[in-house]
Amino acid sequence: MRFISIEDIEPGQYLGKTVYSANGTVLLSAGVQLTVFMINTLKRIGVTMLYIKDPDFDDIEIEDVLSEATKQAMFREMSETLQAIRSGKDWSTRKINASVDFLLTDVLNNKEVLLQLTDIRTADNAAYIHAVNVSLIASMIGLNLGLGYSQLKDLAIGALLHDIGKSVPLPEGANAKDPKHHHTWRGYELLRHKREFNLLIAHTALQHHERPDGKGIPRGISGDEIHLFPRIVAVANMYDNLVSGASKDGRVLLPHEACEHLMACSEQELDHEVLVEFMRIISVYPNGTSVRLGTKETGVVVRQHRGLPGRPVIRIVRGTGDELDVSEIDLATETTLFIEAVLA
């Protein structure tokens, strides 16, 4: 399986991973043979990258921390929750709690897996995938920081609902640029009235755009005034926005580029201790990524090393037809070799 730009997809190729709709139903199943119509439809709904089956790399495993069942359930619950909030209806904290329990079960069962964000985004499902990804990343960071289950659950819920204020309508006549009406405040006001939730969940929504240097919003607090949970969510939120093209400049960064951007924000926009733990759980070069080495040879990432996310195993395929020479280079042992570029 390889991860490539939709612009490089050709009719007749086979889809490697399922594409979901906003409510968790299947749009296209893994294994389907792509047609011109399917490719054009995927482009129209905002898909930019796809996993494609490749006979030379059929054995590559894309290890997901979350099961397909957990993802579908969480997409469905987030869709129902946000729709209820937009229409002014009540929503179920019980269902959110249950969804997060499933997420944490998967995280605890797969804590040695390096994180790869593999779900294919469309214009309709992007908000739900973002919420689930931020919750997943935050939970894995929290686990690395030694949080207990009850703390992890509050963190995961706060991360899942960090942008919930965006679904709360602005009061009539309110100025959207006024910090008092920022989506962080609107989310805080909504969540603090849910007695089933720890108040820290509301504060996670409130503080996730604050910065260690005091230049954040909505209150401009700094350093230890910002609780650990929103400091974790800030890292998860920025990373997912960068790799999805939802950041301010709209560029879609590759994972290694996004990691470099995050590290450049250390101690100013993002907490350094949290960033250190983030770098221990993320796959910098995800399996299926095509790369060029310093030797100018090109290959595909096939395996990861826990603790060495920047030094994966690369498979090189030389020749054509029946005259193929396949070899693998382990960058963990070949210490003088480096990845020169990612071929998106």
Original post:
If Tyr51 satisfies every condition in (1) at pLDDT 90 or above; (2) open to solvent by less than 40 Å² (accessible area, probe 1.4 Å) but one, which is the exception?
Top reply: (1)
Original post:
Of Gly288, Gly319, which residue is modelled with pLDDT under 90 and either open to solvent by 30 Å² or more (accessible area, probe 1.4 Å) or under 17 Å from Asn237 (Cα atoms) (or both)?
Top reply: Gly319
Original post:
Could we say that Gly307 is under 30 Å from Asp224 (Cα atoms), modelled with pLDDT under 90 and open to solvent by 30 Å² or more (accessible area, probe 1.4 Å) here?
Top reply: yes
Original post:
Of the residues Leu82, Leu104, Leu42, which single one is of a type outside the set (Lys, Arg) and either outside the structural domain of Cys259 (by the TED database) or closer than 22 Å to Val302 by Cα (or both)?
Top reply: Leu42
Original post:
What is the number of the single condition among (1) among the polar types (S, T, N, Q); (2) under 20 Å from the mean Cα position of the chain (by Cα); (3) modelled with pLDDT under 95 that Ser135 does not meet?
Top reply: (3)
Subject >> Out of Tyr149, Tyr128, sole residue that is assigned by the TED database to the domain that holds Tyr239 and buried (at least 20 other Cβ atoms within 10 Å of the Cβ) >> reply: Tyr128
Original post:
Could you list, in sequence order, the residues of segment 100-125 that are surrounded by 17 or more Cβ atoms within 10 Å (Cβ to Cβ) and modelled with pLDDT under 95?
Top reply: Val113, Leu114, Leu115, Gln116, Leu117, Thr118, Asp119, Ile120, Arg121, Thr122, Asn125
Subject >> Selection within segment 54-91 - in a helix (DSSP H, G or I), open to solvent by 40 Å² or more (accessible area, probe 1.4 Å) and either within 26 Å of Ile137 (Cβ to Cβ) or without any contact (Cβ under 8 Å) to a residue 60 or more places away in the chain (or both) >> reply: Pro55, Glu68, Ala69, Gln72, Arg76, Glu80, Gln83, Arg86
Subject >> Only listed residue being at pLDDT below 90 and not β-branched (Val, Ile, Thr), chosen from Asp163, Asp154, Asp64 >> reply: Asp64
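The values are calculated or read from the model by the stated rules, or taken from the named source; none is laboratory data. Owing to the predicted nature of the structure, the values given are computational and were not obtained by experimental measurement. Because the Cβ atoms are built from the backbone with ideal geometry, glycine has one as well, and the counts that use them run over all protein chains shown. Just the protein is used for accessible areas: all its heavy atoms, side chains included, with ligands, DNA and RNA removed. Shrake-Rupley method; radii C 1.70, N 1.55, O 1.52, S 1.80 Å.
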